[in-house]
Amino acid sequence: MTQENLGATSDIITGILQLGLIQVYVLFNPGASHSFEACRIVNYLHVLPNRLSVGVIISTPFRENININNIYRWLTLYIGGVKLRVDLMPLELHYFDVILVID
């Protein structure tokens, strides 16, 4: 999803937030099945991934199926001064650093 696609969707929110010690560009997506982080930022989080007992297969908008076997648990995300704990799966993201599910 690109910035141009976002203009046509009213329930999508983006913004810059603090994840651990780094600032990230976040997409809040009510259509996502899981929350993800860009593979390029995992080294900056200074945490080790946990292995999923059962891998997850993600279907992308480009009709690709990607197998994910790791998850980064209990990461600290700050939203408006409120500290939240999130679990994120690594995914090759190009435009955003994090995609969060909205319930």
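With loop defined by DSSP as not H, G, I, E or B, and exposure as at most 14 other Cβ atoms within 10 Å, which is the longest segment of the chain clear of exposed chymotrypsin sites (Phe, Trp or Tyr not before Pro)?
Excluding the exposed sites themselves, the longest stretch runs over 1-61.
Count neighbours as other Cβ atoms within 10 Å of each site's Cβ, and list the trypsin sites (Lys or Arg not before Pro) in the range 50-84 that are DSSP loop with at most 16 such neighbours. Each step should come with its number before you reach the end.
Details: sites: Arg51, Arg63, Arg73, Lys83; in loops: Arg63.
Hits after loop and neighbour filter: Arg63.
What is the set of long-range amide H partners of Met89 at a cut-off below 5 Å, with H atoms built 1.01 Å from backbone N?
The answer is Ser35, Phe36, Glu37, Tyr72.
Taking 8 Å as the Cα distance limit and 6 or more residues as the minimum spacing, I'd like the relative contact order of the range 3-101 as a percentage.
36 percent.
Explain nothing, just compute: Karplus ³J(HN,Hα) = 6.51 cos²θ - 1.76 cosθ + 1.60, θ = phi - 60°, for every residue of the range 67-79 in order, whole Hz, x for Gly and Pro.
3J(HN,Hα) across the range 67-79, in whole Hz: 8, 10, 10, 10, 9, 9, 9, 6, 6, 9, 10, 9, 10.
How large is the dipole of the chain about the Cα centre if only Lys and Arg carry +1 and Asp and Glu carry -1, each at its Cβ, rounded to the nearest 20 debye?
Dipole about the Cα centre, nearest 20: 340 debye.
Positive end of the charge dipole of the chain (Lys, Arg +1 and Asp, Glu -1 on Cβ, about the Cα centre): tell me which of Ile99, Ser53, Val24 has its Cα farthest that way.
The one lying farthest along the dipole's positive direction is Ser53.
For a distance above 20 Å, tell me the whole-number percent of Cα pairs in the chain that qualify.
36 percent
Take every DSSP beta bridge with both residues inside the range 3-101 and express the antiparallel ones as a percent of the total, to the nearest 5.
If we restrict to bridges inside the range 3-101, about 75 percent are antiparallel.
Only the coordinates and a few stated rules stand behind these numbers; no lab work does. A quick note: this is a predicted structure, and the numbers were derived from the prediction, not measured. Counting neighbours? That spans all protein chains shown, and the Cβs are built from the backbone with ideal geometry, glycine included.
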